[in-house]
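As structure tokens, the structure follows; a few thoughts come after it.
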Amino acid sequence: MHPISLTDSFGRSHTYLRISLTDACNLRCLYCMPEEDTLVTPHAKLMQPAEIEGIASDFIKLGIRKIRLTGGEPLVRKDAGEIMKRLSALGAELSISTNAVLAHEYLERFKETGIQKVNVSLDTLDPEQFKAITRRGDFERILKNIYLLLEHNFEVKVNMVVMKGINEQAVCQFVAWTQKYRLDVRFIEFMPFSGNAWNRDKVYSSADMLDQIGRQFEYKKLEDGVHDTAKKYKVEGYAGTFAFISTITEPFCGGCNRLRLTADGKLKNCLFSAGETDLLGPWRAGEDIIPLILSTVWGKKKERGGRFDPDSYRENSENRSMIRIGG
Ligand code: SAM
Ligand code: SF4
């Protein structure tokens with residue numbers, strides 16, 4: 001028998017659910033969206049607003065306290081505002097991950113629905129390099145929107161995926177950016193997903209990043225919470241902070257409290273899990289999905305989906321592409 005809570009067989013309890021609203025996006029980041037992967041899930045196969053609300057309330061009954069909307073790009077979905085409204089009534093803390101291209105259109109909705117924490121992806125401060133990485137040209141709009149979010153007192157985290165030979169030289173520019181702005185920059189190690197041409201040589205480790213930063217800045221370590229995926233630092237006297245998400249070189253699975261629901265209603269107990277459990281089909285058939293949720297959580301593997309050891313990511317990295325999981 002499974003205990004009636006979101007606890008897995010390693011004793012980790014799960015209080016954080018990331019819900020992907022879509023696998024469509026207005027950017028094409030090369031580490032996330034495979035060039036050939038342009039087929040998006042038809043709208044009817046996506047969870048609809050009332051379904052998201054109903055499924056999320058089952059998770060909340062089981063102890064979920066935080067919900068983050070993600071994608072794909074959650075703000076390209078026409079009914080994103082309605083979904084925020086429905087979820088905000090459920091009582092869990094609501095936040096969002098976005099590329100910020102459309103953030104200016106949603107400021108008021110964020111405020112009305114209690115969204116205070118906004119994570120924005122940005123991998124370079126050079127407009128030309130931005131075009132090469134995202135295969136699109138909305139750099140100025142994103143920068144403007146980051147400043148707009150700060151002006152409106154949102155807590156903004158900037159996520160930068162650092163890839164060796166591509167943008168690792170920009171790490172110190174991002175740290176310098178935190179001098180005047182209350183931004184929390186998070187450097188993410190490049191992770192393997194289907195179709196993203198990952199290999200170990202493209203991983204720029206957090207240790208190398210810290211080394212690079214240490215040559216230019218005097219930083220101090222900040223305290224991390226037990227469930228934090230990021231290790232936080234700060235340059236003395238700077239307004240913002242920086243942090244590392246070192247999934248590849250130093251996995252942090254021991255404190256993991258996260259679950260992921262894909263836009264087509266599949267539950268993944270880990271970003272790297274091979275398996276997924278369909279919740280939307282049973283929900284539409286009027287079945288109780290709670291036993292499915294409990295058994296999926298119970299089956300969570302100890303580390304990184306149990307699918308690869310640190311030296312064989314390449315061979316074992318079969319999974320959905322990141323854009324279809326929901327980062
Ligand atoms: N569109 C939104 C955005 O870009 O923030 C939300 C979805 S995106 C998939 C969520 C996060 O996943 C982003 O911070 C992105 O940088 C990160 N991500 C995507 N592919 C990744 C990869 N291969 N390795 C590391 N992080 C990745
Ligand atoms: Fe779109 Fe975000 Fe993936 Fe970039 S990282 S392609 S913005 S979903």
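Numerical summary
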quantity: Loop sites in region 181-235: GluC sites (Glu not before Pro), DSSP, at most 16 other Cβ within 10 Å; calculated: GLU218, GLU223
quantity: Cysteines having no other Cys beta carbon under 4.7 Å from their own, within the chain; calculated: CYS25, CYS172, CYS253, CYS256, CYS270
quantity: Solvent-accessible area, 1.4 Å probe, carbon plus sulfur percent, for the chain; calculated: 50
quantity: Net +/- balance of residues flanking PHE139 in space, Cβ distance below 12 Å, scoring K and R +1, D and E -1; calculated: -1
quantity: Charged-residue dipole, Cβ positions (Lys, Arg, Asp, Glu), the chain about Cα centre, Debye nearest 20; calculated: 380
quantity: Phi-based couplings in Hz for region 153-168 (Karplus 6.51, -1.76, 1.60; Gly and Pro marked x); calculated: 6, 6, 8, 10, 10, 10, 9, 10, 7, 9, 10, 4, x, 10, 10, 5
quantity: Of all DSSP beta bridges in the chain, antiparallel share, percent nearest 5; calculated: 25
quantity: Positive dipole terminus of the chain, leading residue within GLY326, ALA44, VAL156 (C-beta point charges); calculated: VAL156
quantity: Surface per residue (accessible, 1.4 Å probe) for region 163-297, Å²; calculated: 43
quantity: Sequence-separation-based contact order of region 85-234, relative, with Cα cut under 8 Å and 6+ spacing, percent; calculated: 17
quantity: FRET efficiency, 1/(1 + (r/R0)^6) with R0 22 Å, evaluated for TYR181 and GLU128 via beta carbons; calculated: 0.45
quantity: Neighbourhood charge, 9 Å Cβ-Cβ cut-off, centred on ALA239 and excluding it, Lys, Arg +1 and Asp, Glu -1; calculated: +2
quantity: Exposure ranking of TRP198, TRP283 by accessible area [1.4 Å probe, largest first]; calculated: TRP283, TRP198
quantity: Where a label projected 7 Å from the Cα of GLU93 along Cα→Cβ would reach, residues of region 108-137 with amide N under 15 Å; calculated: 114-119
quantity: Table column - 3J(HN,Hα) (Hz), region 105-111, Karplus curve with 6.51, -1.76, 1.60, x for Gly and Pro; calculated: 7, 10, 3, 5, 5, 4, 5
quantity: Distant alpha-carbon pairs in the chain (separation over 38 angstrom), percent; calculated: 10
quantity: Cα extents of region 25-102 along the three principal axes, largest first (Å); calculated: 39, 25, 22
quantity: Modelled FRET efficiency - R0 45 Å, GLU140 with VAL226, Cβ distances, 0.05 increments; calculated: 0.70
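The values are calculated or read from the model by the stated rules, or taken from the named source; none is laboratory data. All values reported here derive from a predicted model rather than from experimental measurement. Counting neighbours? That spans all protein chains shown, and the Cβs are built from the backbone with ideal geometry, glycine included. Just the protein is used for accessible areas: all its heavy atoms, side chains included, with ligands, DNA and RNA removed. Shrake-Rupley method; radii C 1.70, N 1.55, O 1.52, S 1.80 Å.
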